[in-house]
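The values are calculated or read from the model by the stated rules, or taken from the named source; none is laboratory data. Here the structure is a predicted model, which means the values were calculated and not measured. Every residue, glycine among them, receives a Cβ derived from its backbone with ideal geometry; neighbour counts consider all protein chains shown. Heads up: the accessible areas ignore ligands, DNA and RNA and are worked out on the full protein's heavy atoms, side chains in. Shrake-Rupley method; radii C 1.70, N 1.55, O 1.52, S 1.80 Å.
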Amino acid sequence: MKPTEGRHLSSAEVQARYGISRFTLRRWTADEAVGFPKPRFINRRHYYRESDIIRWEMIRDGFDPDEISVVNGLKAASGVINDYGEFVDAMIKHRAKMKLTSIELDAVSGMQEGYTSKLENWERPQGRGMGPEIFPLWLGGLRLGIVLVELPRTPRNLKRLAQVAAS
């Protein structure tokens, strides 16, 4: 599993998200007509990619997550992004689409030489996360902008996350 695949939810977290029993979750997973994402098995436990679940929710609510749409007359460069790993992957794909090397992007954006490589390898020891100074340089070098959209459901149990952070 790549580290940038995003967050995984346990069966218990999925059940809590929808207020369903484990039997209902199994039924949803088995029924092809429901189209619920299939779990991954890790240490004999079921885990679901959060991005797959959000995608399923969007489809159920009548949205096409793969549709390349137009925002203010401009073509969208990616689909819905739910976490930092997916954001970095989208930036890498767009750089490849523009046929720019990371060194060329450094020069075009005004970043220090080799910095794009650090941003794209953010989870490795030599990697770096993006800060407020680098964010506009990275976006500007790739000629991209950010558009925020409201998702049909909350992507995470924010109340539970706040409780964990407070303790």
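The table below gives the values:
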| item | result |
| --- | --- |
| Any hit, the stretch 79-96, residues being open to solvent by 70 Å² or more (accessible area, probe 1.4 Å) and either assigned to a loop (DSSP other than H, G, I, E, B) or in contact with a Lys or Arg (Cβ under 6 Å, 6 or more places away or on another chain) (or both) | no |
| Contacts under 9 angstrom Cβ, first residue in the stretch 22-44 being under 16 Å from Ile54 (Cβ atoms) and open to solvent by 90 Å² or more (accessible area, probe 1.4 Å), partner modelled with pLDDT of 90 or more and part of a helix (DSSP H, G or I), 6 or more apart | Lys38/Thr29 |
| Near pairs, Cβ below 6 angstrom, 6+ apart or cross-chain, from the stretch 128-139 (over 12 Å from Val88 (Cβ atoms)) to any residue that is not in a loop (DSSP other than H, G, I, E, B) | Leu137/Ser109 |
| Sole exception among (1) more than 16 Å from Leu139 (Cα to Cα); (2) free of Cβ contacts under 8 Å to residues at least 12 places away in the same chain for Glu104, by number | (1) |
| Filter pass, Arg143 being surrounded by fewer than 16 Cβ atoms within 10 Å (Cβ to Cβ), on the phi > 0 side of the Ramachandran plot and assigned to a loop (DSSP other than H, G, I, E, B) | yes |
| Where a residue in the stretch 58-85 is within 26 Å of His8 (Cα to Cα) and modelled with pLDDT under 80 and its partner, wherever it lies, is among the hydroxyl-bearing types (Ser, Thr, Tyr) and surrounded by 13 or more Cβ atoms within 10 Å (Cβ to Cβ), with Cβ under 7 Å and at least six apart | Asn82/Ser51 |
